[in-house]
Structures are given as structure tokens and as C-alpha cells.
Amino acid sequence: MGAALSVVCLLASCHHGDKIPDVSGVDVKPVEIQRFDTAFFALDSNNIPTGLYRLLREYPYFTPDFVGNILGAGPLNDTNRLALQATRDFLVSYLPLKDSLEMKYPDLHGLAKDLTHAFHFFKYYFPKYNLPPKVVAYIGPIDGPGVAITTYTLAIGLQAYGGRNFSPYLSGQGQDMYPQYISRRFEPEYIVPNCMTALAQDLFPDSSENRPLIEQMIIKGKYFWLAGKLLPETADSLRTGFTQAQLNWCSTNERSVYNFFLQNTDLYTRDPEIIKNYIGDAPKTQGMPDAEPGNIGAWIGWRIVQKYVDEHSGISPTVLMHTSARQIFDEAKYKPQ
């Protein structure tokens, strides 16, 4: 399993000539992943109150968040019978899914090693950021988050990483929630990139909502650029969620794609119906060739950000992330050839 999770530098990666910094001297505590998933499913379904309070003693930093927020059952206390019933119902109904995931993830030592390596880069660039003191693996509802940051933990929802052919994703209900263009990313190798994205958005909250299209494109593109700094040895396809074929197509047709925006779209529109055609998960972009992936706006935004960085040699991630999208657009003078 460790080998499967190890993220290597692929020829498909695009680092734009950046030198990978030496982070070996950065002080980061080795990650130990707490198996909350194993402890939770060891509960006796006929004695939930006793089991939950034992779980609370063992995992005080995560149990309330799991029951209250992830299961949506409210506070864990003696008077909240809903929490007890919801916990029991989830435990019983998700046992088959747990058994399947347990076979896929018998141990998480490889993942812990990869996260530790990624944390070195995070602390190298953001030494004042307090990484979550605990990393926890859990199994939540199938529509639950793959990564969550709580007050004390970086929590990894293994139900979101069963593999593209995991049967719950392929069921009718599963496909309604996660069409194949989304569930193809529910593979183990996406765990570390998703964790880094979650930490980046915790440090730099997404401010794109209600902004003009071009600003939303650039803000999304900033996260792609930052992922390249935090995971310099990881393929662009894993950092961005595009397939390599999609990335190749976009690179080959970059000028045509941007010209389409200029000729067919108001870059300053705030119309959410227009914006959602270019930002966010989708099988393709309406009005463009079938090879054109969804979320193409974020890809163009990434290219604009890279052009800005090329013109501002040595800019730090902190400064870049705090630079306004409008300034980046104005000064990048992006005109793909």
C-alpha cells in the first residue's frame, strides 16, 4: 500500500524551470495517522452510549466533530438521543463499506510518509502556519468530505478514496452524486494533493465568490500554482484534477481556448449561470470541443498566474497569494502564442 501511495515526479509534471528547494532541514514532526475508522467500527451496536464515550476518551480531538458535523447528529451528550441513534444507524449500515475499505487500506504508513514529506514543503514556505497537530483517518457518509480540517485535526475520509471502480460510486445513487468524471479521482494518489489543497485554502481562504469571471479564474489558478510549490514532485494531473490527456489538449490549444473567452464571453461578468460553465467540475465546457475539459476557466487562470510569476521573478507564495486577481490580470498581459 505504501508504494501505491508514494507520489513520484512524472514526466508529465510541469515545473516551469523552478528549482525544488531543499526542505530536509525543515522541522516537521513525522506524521502518525490515527485510525479513528478502525476504532469507530469496533463499537458494539447494542451498547452505543458506552462505546461512544470510550471513543470520546480515546479521540477527544475528533469524536465530537465526527458525530456532530460529519454525521450531522448534533452535540454528543446524554440528552441528545438523536446522536446515539444516528451513530448506531451509520455503524450498522456502513459495515459492508468499511470492510471493503479496510482491505484497501490495511495500513497507512506510506500515506503518513508522503504527508510528512509534503508538510516539509508547507512549513518551508509558511513557517508560521500551525499544521494540525493530529492526522486522523475516518470513514464517513459516502457524500462526506474526502478531507476536512477541524480545530485539532487534518481528517481524511477514506470513503472518498475507494478507487474509481469502488461499487458505491458506480451505483445509481453513487453516480447521481459522483459521475465518473468526478469519481475517477477517488484514487489513493489524490489524498496528499487534496490534503495540501485543504491546508492552502485554510491559510488562504477562497475569496472568489461573487467576483467577476476573470477574477474567479485567477483565484482558482492561484491554488493550482501554489500546489506546484507545495508538491513539486507530483504530476500536474494529480495537483489539478485534470487528466493528462486534458492537460495536453489545453496546452496545445491554449491560444484558441483564450480566444474563445475573448470572443464569446464577457470576462467581467458576474452572472453565475455563465460562470459555472467555466469554473467547477463538469465533463466538458459547453460550446467548446468535446476534448475541452470542465473547469477550463481555472486552467486559464493558472496560465495567467504563471505568466505573472514569470514577470515577477522570485515572488514568494505568500506575496502571490495576497496579490489581487485584478492586479495579476492587468500586469501579466497574458497573450498566449
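The values are calculated or read from the model by the stated rules, or taken from the named source; none is laboratory data. Computed from a predicted model, the values in this text were never measured in an experiment. Cβ coordinates were reconstructed from backbone atoms using ideal geometry, including for glycine residues, and neighbour counts include every protein chain displayed.
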All-but-one check, residue 149 against (1) surrounded by 18 or more Cβ atoms within 10 Å (Cβ to Cβ); (2) hydrophobic (A, V, I, L, M, F, W, C); (3) in contact with a strand residue (DSSP E or B) (Cβ under 8 Å, 6 or more places away or on another chain), failing number (1)
So is residue 301 in contact with a Lys or Arg (Cβ under 6 Å, 6 or more places away or on another chain) and either in contact (Cβ under 8 Å) with a residue 24 or more places away in the chain or not assigned by TED's automatic domain parsing to the domain that holds residue 23 (or both) or not? yes
Can you pull out every residue in segment 36-69 that is of a type in the set (Ser, Thr, Tyr) and closer than 20 Å to residue 101 by Cβ? 38, 45, 59, 63
Assess whether residue 298 counts as being small (Gly, Ala, Ser) and more than 24 Å from residue 333 (Cβ to Cβ). no
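Can you tell me which residue within segment 288-335, out of those that are part of a helix (DSSP H, G or I) and of a type in the set (Gly, Ala, Ser), is farthest from the chain's Cα centre (by Cα)?
Within segment 288-335, the subset part of a helix (DSSP H, G or I) is 296-311, 317-322, 325-332.
Within this subset, residues satisfying the condition of being of a type in the set (Gly, Ala, Ser) are 297-298, 301, 325, 332.
Details: 297: 18, 298: 15, 301: 18, 325: 22, 332: 27 Å.
Looking at residues that are part of a helix (DSSP H, G or I) and of a type in the set (Gly, Ala, Ser), I get 332.
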Which residue out of 89, 65, 107 is part of a loop (DSSP other than H, G, I, E, B) and of a type in the set (Asp, Glu)? 107
Counting only helices (runs of 4 or more DSSP H) entirely within segment 202-276, those with at least 1 residues that are surrounded by fewer than 22 Cβ atoms within 10 Å (Cβ to Cβ) and over 18 Å from the mean Cα position of the chain (by Cα) are 213-230, 244-252, 254-264, 272-275
Identify, by number, the condition in (1) assigned to a helix (DSSP H, G or I); (2) loosely packed, with under 13 Cβ neighbours inside 10 Å; (3) in contact with a Pro (Cβ under 6 Å, 6 or more places away or on another chain) that residue 20 doesn't meet. (1)
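Looking at 265, 240, 269, can you tell me which residue is at pLDDT below 95, of a type outside the set (Lys, Arg), in contact with a Leu (Cβ under 8 Å, 6 or more places away or on another chain) and not assigned by TED's automatic domain parsing to the domain that holds residue 198? Please lay out each step first, then the result.
Values: 240 fails: at pLDDT below 95; 269 fails: at pLDDT below 95.
Only one candidate passes the filter, namely 265.
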Considering 76, 52, 97, 84, which residue is touching a residue at least 24 places away in the same chain (Cβ under 8 Å), under 20 Å from residue 161 (Cα atoms) and aliphatic (A, V, I, L, M)? 97
Matching residues in segment 118-142 (assigned to a helix (DSSP H, G or I) and either free of Cβ contacts under 8 Å to residues at least 60 places away in the same chain or of a type in the set (Phe, Trp, Tyr) (or both)) number 5
From the residues in segment 66-110 that are over 23 Å from residue 168 (Cα atoms) and among the charged types (D, E, K, R), which one is modelled with the highest pLDDT? 81
Since residue 43 meets every condition but one in (1) modelled with pLDDT of 95 or more; (2) surrounded by 14 or more Cβ atoms within 10 Å (Cβ to Cβ); (3) in a loop (DSSP other than H, G, I, E, B); (4) under 26 Å from the mean Cα position of the chain (by Cα), which condition does it not meet? (4)
